[in-house]
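The values are calculated or read from the model by the stated rules, or taken from the named source; none is laboratory data. This structure is a prediction, so every number in the text was calculated from the model and none was measured. Positions of Cβ are backbone-derived with ideal geometry, glycine not excepted, and every protein chain shown enters the neighbour counts. The area values use the complete protein model at the heavy-atom level, side chains included, leaving out ligands, DNA and RNA. Shrake-Rupley method; radii C 1.70, N 1.55, O 1.52, S 1.80 Å.
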Amino acid sequence: MNHYRMNRNKPLTIAPGKAICYSGFREGQSPESGIYPTYEQIKEDLLILNNHWKYLRLYDCDKQTDIVLEVIQKEKLDFKVMLGAYIGAEMNNFGCPWGGTYSEEELNKNKERNLNQIQKLIQLANQYPEIIFSLSAGNEALVHWTDHYVPLENVIRYVRMIKKGAKQPVTFCENYVPWLDKLKDLVEEIDFISIHTYPVWEYKNIHEAMEYTKQNYYSVADKYPNKPVVITEAGWATNSNGRGISIGNVSQDLQEIYYNDLVNWSEEDDVLTFVFEAFDEPWKGSQEPLEPEKHWGLFTVDRKPKKVMAKLFADSRIV
């Protein structure tokens, strides 16, 4: 069996395959509202992704995740899941541009919820050992701009809890920058490093994008030559309201170019790369329809393939 290298020195012993981030929230559904996709809706999504992607990344141990795992098991779908616990703010972050401050009561509630998330993560890992292949102790909770900051020592404590309670390899998913210095103590605790790289958020145009992605990846992989490194988020938006991402720097054409370059490089260099993301998520970000956060999907929110998926899904109507 071929193995992903994850970096140039240490293998990840799973079969090669394409990987994608998945969240099934549709119009009118969101974590905040408590309205989740149904079994049939998630089944529809996973049948779209089945046979094209082998690895799914899930962010939260919530009702949606329960259904996703149930669908994979009952419908006998060939997916392996990286399951994450979503940990909320345990400390105010006054450096967050869009808010990152909470009352003491809110922070205490978050700490309680976070502990429940970690415990649920361990429970699901043990319940679905044939489906869940790795575990993440959180997502973007340590980078300087996050609105859900968690102190490093608390993240390390969660990692240790997970490793004690479950057998799967454990990671933490974060922007590539903090790994270069701030998270050295965390690297010692986890089994592999998971980085996020978004050239378009850093004002790179499509001609610079792939080289920048490679630089992001190898800056971390070279720093920790004995620790496997994967990419758990990389993608290209198709719309923008001009805030954070230039309107002229996003389109379906540009998404197609970046996606193909990313997948080709990932296969050539044996880097497990989770593309962000499967479907557009209108619940994210501001109320503006062209908010970039809403438009990273390879498919629209109504499950129609964008241009990047035109050949692969030739029988569907392209938007």
Determine whether Ile257 is part of a strand (DSSP E or B) and either hydrophobic (A, V, I, L, M, F, W, C) or surrounded by fewer than 19 Cβ atoms within 10 Å (Cβ to Cβ) (or both).
no
Residues being modelled with pLDDT under 95, polar (S, T, N, Q) and surrounded by 16 or more Cβ atoms within 10 Å (Cβ to Cβ) - total across the stretch 6-47
1
Give the residue, chosen from Val271, Val230, that is open to solvent by less than 30 Å² (accessible area, probe 1.4 Å), part of a loop (DSSP other than H, G, I, E, B) and either farther than 24 Å from Cys96 by Cβ or touching a strand residue (DSSP E or B) at 6+ places or on another chain (Cβ under 6 Å) (or both).
Val271
Count of the stretch 165-224 residues which are open to solvent by less than 40 Å² (accessible area, probe 1.4 Å), hydrophobic (A, V, I, L, M, F, W, C) and in a helix (DSSP H, G or I):
9
Ser240 fails exactly one of (1) assigned to a helix (DSSP H, G or I); (2) open to solvent by less than 40 Å² (accessible area, probe 1.4 Å); (3) more than 23 Å from Lys184 (Cβ to Cβ); (4) touching a helix residue (DSSP H, G or I) at 6+ places or on another chain (Cβ under 9 Å), namely (1)
From the option list Leu142, Leu69, Leu121, Leu135, single residue qualifying as within 27 Å of Ala234 (Cα to Cα), open to solvent by less than 10 Å² (accessible area, probe 1.4 Å), in contact with a Cys (Cβ under 6 Å, 6 or more places away or on another chain) and not β-branched (Val, Ile, Thr) is Leu121
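One line per residue, one yes/no per condition, for (1) out of contact with any Ser or Thr (no Cβ under 7 Å at 6 or more places or on another chain); (2) modelled with pLDDT of 95 or more; (3) β-branched (Val, Ile, Thr); (4) over 30 Å from Pro16 (Cα atoms):
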position	(1), (2), (3), (4)
Ala125	yes, yes, no, no
Glu130	yes, yes, no, no
Phe133	yes, yes, no, no
Gly138	yes, yes, no, no
Thr146	yes, yes, yes, yes
Pro151	yes, yes, no, yes
Val159	yes, yes, yes, no
Ile162	yes, yes, yes, no
Close pairs from the stretch 176-189: first within 15 Å of Trp145 (Cβ to Cβ) and aromatic (Phe, Trp, Tyr), partner open to solvent by 10 Å² or more (accessible area, probe 1.4 Å) and modelled with pLDDT of 95 or more, Cβ under 7 Å, at least 6 apart:
Tyr176/Ser219
Residue pairs within 6 Å by beta carbon, gap of at least six or interchain, first lying in the stretch 10-39 and at negative phi, second open to solvent by 60 Å² or more (accessible area, probe 1.4 Å) and assigned to a strand (DSSP E or B), listed first then second, are Gln29/Ile35
Hey, Asn50 among the polar types (S, T, N, Q), open to solvent by 10 Å² or more (accessible area, probe 1.4 Å), at pLDDT 95 or above and out of contact with any helix residue (DSSP H, G or I) (no Cβ under 9 Å at 6 or more places or on another chain) or not
yes
